[in-house]
Amino acid sequence: MIQARWKFLVSLSLLLAMSFTGALCADTAPPPPQGPHIIMIIRHAEKPDESDDGVKDPNLSPVGYQRADALAKVIPAHFPMPDFLIAAKLSKHSNRPVETITPLSKAIKESIDSTFDAKDVAGVSHFLLTDPKFAGKTILIAWHHEKIPELAKDLGVTNAPSDWNSDVYDRVWEITYTNGVPAWQNLPESALPGDSTK
């Protein structure tokens, strides 16, 4: 009888100790990430010159296609590997954002989400910052240069330039979030000869 009580008390003590340890671990464990870890924004690659008849070609130029092919190697080799690819939606004037990251999409076997219109900066920003599937992940965005500063601002960046030079195609705006606080860097792609190196 005494032995049975002793075994019961030992078992009870072990259970209480395990419960206490579990509660302690739960209290001290860091909370799961609530938003993305890294968001990289690039401009679509080079576009053709305006035609004499005013008709706009929605595709990349030959150099643009070269950049797209180069980015499929440069991004995995020199930047954080994207878990998600986002591009501005096809319009009658441009499919260049999608074309720019199509070789990368094939290389890393990640599909391209191109559901957001280029003007819907607020929509895509809200989506990226609030959808649980992006928590702790790395995202690469290909967009139109006119909207990139606004996009960065909506993603929480306060120190990026207010415009993007229309002649520039070789930059990566990298936003790294630490406890939800963004840190912005303007980095070179270094994808093609003649690209900036700093």
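Readers should treat all values here as calculations from the given coordinates under stated rules, not as data from a laboratory. The shown structure was predicted, so the numbers you read here are calculated from the model rather than taken from an experiment. For neighbour counting, all protein chains shown are included, and Cβ atoms are generated from backbone atoms with ideal geometry for every residue, glycine included.
In percent, what relative contact order does the range 30-176 have, based on Cα pairs under 8 Å that are 6 or more apart in sequence?
Working: 266 pairs, mean separation 54.8, N = 147.
Computed value for the range 30-176: 37 percent relative contact order.
Kirkwood hydrodynamic radius for the range 38-188: how many Å is it when counted over pairs of different Cα atoms?
That comes to 15.5 Å for the range 38-188.
In what sequence, highest mean first, do 161-173, 70-82, 144-156 appear when ranked by Cβ atoms within 10 angstrom?
144-156, 70-82, 161-173
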